[in-house]
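The values are calculated or read from the model by the stated rules, or taken from the named source; none is laboratory data. Only a predicted model underlies this, so the values are computations on that prediction, with no experimental measurement involved. We place every Cβ from the backbone using ideal geometry, glycine too, and count neighbours over all the protein chains shown.
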Amino acid sequence: MKTNVSQIAMERRRFGPTHREVPVIGQGTWYIDESDRASAIRTLRRGLDLGMTHVDTAELYGDGAAEEIVGEAIAGRRDEVFLVSKVLPEHASRRGTVVACEGSLARLRTDRLVCYLLHWRGRFPLEGTITAFEQLKNDGKILSWGVSNFDVSDLEEVRTIAGERRIACNQVLYHLKERAIEHAVIPWCEKHSVAVVAYSPFGHGDFPGPRTAGGRVIEQIAAAHGATARQIALRFLLRWPSMFTIPKASTPEHAAENAGAGSLQLTRDEIAEIDAAFPLGPRPRSLPML
Ligand SMILES: NC(=O)c1ccc[n+]([C@@H]2O[C@H](COP(=O)([O-])OP(=O)(O)OC[C@H]3O[C@@H](n4cnc5c(N)ncnc54)[C@H](OP(=O)(O)O)[C@@H]3O)[C@@H](O)[C@H]2O)c1
């Protein structure tokens with residue numbers, strides 16, 4: 001299970017209201033511009049080979065540099081990729097959203113995104129952003145759109161403006177030590193057929209170490225599966241039917257390890273053990289963001 005490529009069978013699920021089957025494990029790209037470029041490209045391509053075809057990027061990352069690297073990595077393989085990028089809130093006016101999307105398309109060397117997200121809610125009214133998303137969709141520049149870092153009240157507003165089954169996904173912070181979205185965001189998304197995409201699934205560099213109490217629990221479960229603690233952590237997040245996740249890796253070996261979670265299954269007892277080791281905690285006043 002660890003990194004044995006021949007054994008990897010990536011589970012795919014219907015992505016929210018779209019008719020697309022998307023791998024449960026995808027690839028994040030925040031800070032990939034700070035790695036060696038050739039290695040970043042090799043890593044993304046290795047991830048694609050292993051079925052991690054959901055590639056998440058944003059105009060924010062490296063001020064466009066991450067999108068350029070992704071563009072190079074997916075050259076010639078565009079049709080395999082569930083390509084997602086995001087507009088910054090300060091660009092998300094009706095006109096600004098269209099201009100930002102065209103910039104992302106140019107850097108990604110493609111003529112369309114599969115999904116385009118509002119990175120987080122900013123000062124521009126949601127109506128303008130949504131009108132722009134619909135225009136981009138009509139023009140064939142994006143195939144679907146969604147949001148990121150949206151709490152239930154924001155999601156309700158989008159649903160009121162756009163209607164039911166228009167939001168493809170809500171991309172939100174979710175890892176073992178940060179389970180706030182379980183209180184209300186995930187239930188809302190499951191009720192309204194919105195895919196939930198867990199970002200920073202390893203806590204963005206704060207993964208529980210093997211000498212911590214929680215770390216020992218996941219290490220033990222991992223040993224029973226011949227898997228790794230990170231694979232177990234990803235799989236715990238994926239117990240929700242609406243869930244996808246997008247870990248970021250800088251090496252082909254890390255990418256292969258992450259892909260190895262794509263076919264793993266945890267028992268009810270194992271899920272209960274992890275649940276107890278990393279308690280949910282109270283519902284926060286506002287949605288946590290990284
Ligand atoms: N919408 C939003 O507001 C938002 C916010 C944050 C992130 N995101 C997206 O979510 C993606 C993932 O989140 P993230 O980048 O914050 O953090 P993350 O995926 O939780 O963690 C990345 C860290 O985990 C390490 N790692 C990955 N695979 C590993 C493995 N198999 N073994 C050991 N270490 C491993 C990476 O090291 P190496 O680099 O050395 O492999 C890196 O230090 C981002 O890249 C971005 O696309 C979205």
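For the stretch 214-232, a residue qualifies if it is over 19 Å from Pro279 (Cβ atoms) and away from the ligand (no atom under 13 Å from the Cβ), and the qualifying residues are Ala223, Ala224, His225, Gly226.
Restricting attention to the stretch 239-272, the residues that are closer than 26 Å to Ser35 by Cβ and either part of a helix (DSSP H, G or I) or more than 14 Å from the ligand (Cβ to nearest atom) (or both) total 11. For the stretch 208-230, the set of residues classified as surrounded by 17 or more Cβ atoms within 10 Å (Cβ to Cβ) and in contact with a helix residue (DSSP H, G or I) (Cβ under 6 Å, 6 or more places away or on another chain) consists of Pro208, Gly214, Val217, Ile218, Glu219, Ile221, Ala222, Thr228, Ala229, listed by residue number. Residues in the stretch 52-70 that are assigned to a helix (DSSP H, G or I) and either closer than 20 Å to Thr97 by Cα or in contact with a His (Cβ under 6 Å, 6 or more places away or on another chain) (or both): Tyr61, Gly62, Asp63, Gly64, Ala65, Ala66, Glu67, Glu68.
Conditions tested, residue by residue: (1) closer than 25 Å to Ala233 by Cα; (2) surrounded by fewer than 24 Cβ atoms within 10 Å (Cβ to Cβ).
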| site | (1), (2) |
| --- | --- |
| Val87 | no, no |
| His91 | no, yes |
| Arg94 | no, yes |
| Leu108 | no, no |
| His119 | yes, yes |
| Gly128 | no, yes |
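Scanning the stretch 136-162 for residues that are over 17 Å from the mean Cα position of the chain (by Cα) and without any contact (Cβ under 8 Å) to a residue 40 or more places away in the chain yields a count of 16. Given the structure, is Ala106 free of Cβ contacts under 8 Å to residues at least 40 places away in the same chain and within 16 Å of the ligand (Cβ to nearest atom)? It is false that Ala106 is free of Cβ contacts under 8 Å to residues at least 40 places away in the same chain and within 16 Å of the ligand (Cβ to nearest atom). Of all the listed residues (Lys191, Lys177), the sole one being surrounded by fewer than 16 Cβ atoms within 10 Å (Cβ to Cβ) and either aromatic (Phe, Trp, Tyr) or under 23 Å from Glu21 (Cβ atoms) (or both) is Lys191. Contact map, the stretch 28-39: residues that are at pLDDT 95 or above paired with residues that are within 7 Å of the ligand (Cβ to nearest atom) and β-branched (Val, Ile, Thr), Cβ distance under 6 Å, separation 6+ or inter-chain. Pairs shown: Gly28/Ile246; Thr29/Thr57. Residues in the stretch 170-213 that are among the small types (Gly, Ala, Ser), touching a residue at least 24 places away in the same chain (Cβ under 8 Å) and either outside any helix (DSSP H, G or I) or within 10 Å of the ligand (Cβ to nearest atom) (or both): Ala184, Ser193, Ala195, Ala198, Ser200, Gly203. Across the stretch 109-119, the number of residues qualifying as under 14 Å from the mean Cα position of the chain (by Cα) and either away from the ligand (no atom under 16 Å from the Cβ) or in a loop (DSSP other than H, G, I, E, B) (or both) comes to 2.
Filter the stretch 16-35 down to the residues that are assigned to a loop (DSSP other than H, G, I, E, B) and near the ligand (Cβ under 9 Å from one of its atoms), then identify the one that is farthest from Pro201 (Cα to Cα). Once the filter is applied, the top-ranked residue is Ser35.
Restricting Arg235, Arg285 to those that are away from the ligand (no atom under 12 Å from the Cβ) and either crowded, with 22+ Cβ neighbours inside 10 Å or modelled with pLDDT of 95 or more (or both) reduces the list to Arg235.
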